[in-house]
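Below: one structure, written as structure tokens.
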Amino acid sequence: MRKFFAVALVASAALGLAACSETAQNETGEAAEAIGDDVEAGAEIAGNAAEAAGDEIANETSEAANEVEDERQEVEADAQDETKSDAAAD
């Protein structure tokens, strides 16, 4: 009789663990999917920020190059005693 109860208790515990394990697996899968979604969203935000920063750098570099060219024309015009538009044509 004791052996029967021991076997029944072990079987009951095994079934309980199996059921718990399936639930835990489902919850773990859902959590992993949610984490993956969060990582993907974060990567997209970071990518957008990097792209915006790259655009900003390109615009600032272009403006700086235009200012340097403008200054070069002024210096050339002063050195050759001509107008800025004459220096730009050279």
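Brief remarks on what is shown
- Selection within segment 58-73 - within 33 Å of the chain's Cα centre (by Cα) and under 18 Å from ALA89 (Cβ atoms): ASN66
- Sub-7 Å Cβ pairs linking a first residue in segment 55-75 that is touching a residue at least 24 places away in the same chain (Cβ under 8 Å) to a second residue that is assigned to a helix (DSSP H, G or I), at least 6 apart or interchain, number zero.
Values quoted throughout were computed directly from the atomic coordinates according to the rules given, and no laboratory measurement underlies them. Keep in mind the model is a prediction, meaning the values are calculated, not measured. Virtual Cβ from ideal backbone geometry, glycine too; neighbours counted across all protein chains shown.
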